[in-house]
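Engineer: Below: one structure in structure tokens.
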Amino acid sequence: MEEKRTISVNYNEDRSTPEIVRKASGLEADEIIEMARDAGIYIHEDPVLFSHLDEIPEGSSIPRELYAIMAEILAYSYVLQGKTPEQWRRSDGTVAINKKI
């Protein structure tokens, strides 16, 4: 079985881009994954993206070439957490998402 590895990415509105905040492997990676699951943090698995992010040092911003994919992942994680744009909300607080049936 291959040893687990993680890369933690954070987006802080004070910075203009997401940054690599932590890289881990083995037991530490397992602990990070467990803590993220317990906290309801979205865990994204993508070996190709991982290989690109793994080349970036901790504390560094992601490169411009990865902006689009990181924005999509961040937006998806927000929706999963119930964080939606204000214009998606009805006056009663429910979320309006158009579905074709």
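The values are calculated or read from the model by the stated rules, or taken from the named source; none is laboratory data. Please read all numbers here as calculations on a predicted model, not as lab measurements. All Cβ positions, even for glycine, are placed from backbone atoms using ideal geometry, and neighbour counts span all protein chains on display.
Engineer: Looking at residue 70 and the list (1) in contact with a strand residue (DSSP E or B) (Cβ under 6 Å, 6 or more places away or on another chain); (2) part of a helix (DSSP H, G or I), which single condition is not satisfied?
Structural biologist: The failed condition is (1).
Engineer: Continuing with this model, one more query. Identify all residues within the stretch 13-48 that are free of Cβ contacts under 8 Å to residues at least 24 places away in the same chain, within 14 Å of residue 70 (Cα to Cα) and under 12 Å from the mean Cα position of the chain (by Cα); write none if there are none.
Structural biologist: Across the stretch 13-48, the qualifying residues are 43, 45, 46.
Engineer: Residue by residue through the stretch 1-48, note down the ones that are within 26 Å of residue 63 (Cα to Cα), part of a loop (DSSP other than H, G, I, E, B) and hydrophobic (A, V, I, L, M, F, W, C).
Structural biologist: Passing the criteria: 41, 43.
Engineer: Here's something else I'd like to know. Could you give every pair whose Cβ atoms fall below 8 Å, whose first residue belongs to the stretch 77-88 and is surrounded by 11 or more Cβ atoms within 10 Å (Cβ to Cβ), and whose second residue is of a type in the set (Val, Ile, Thr) and modelled with pLDDT of 70 or more, counting only separations of at least 6 or pairs across chains?
Structural biologist: So the pair list comes out as 77/41; 78/84.
Engineer: What are the residue pairs meeting all of these: first residue in the stretch 58-72, first residue on the phi < 0 side of the Ramachandran plot, second residue part of a loop (DSSP other than H, G, I, E, B) and β-branched (Val, Ile, Thr), Cβ atoms under 7 Å, and 6 or more apart or on different chains?
Structural biologist: Cβ pairs passing all conditions: 61/17; 62/17; 62/56; 70/62.
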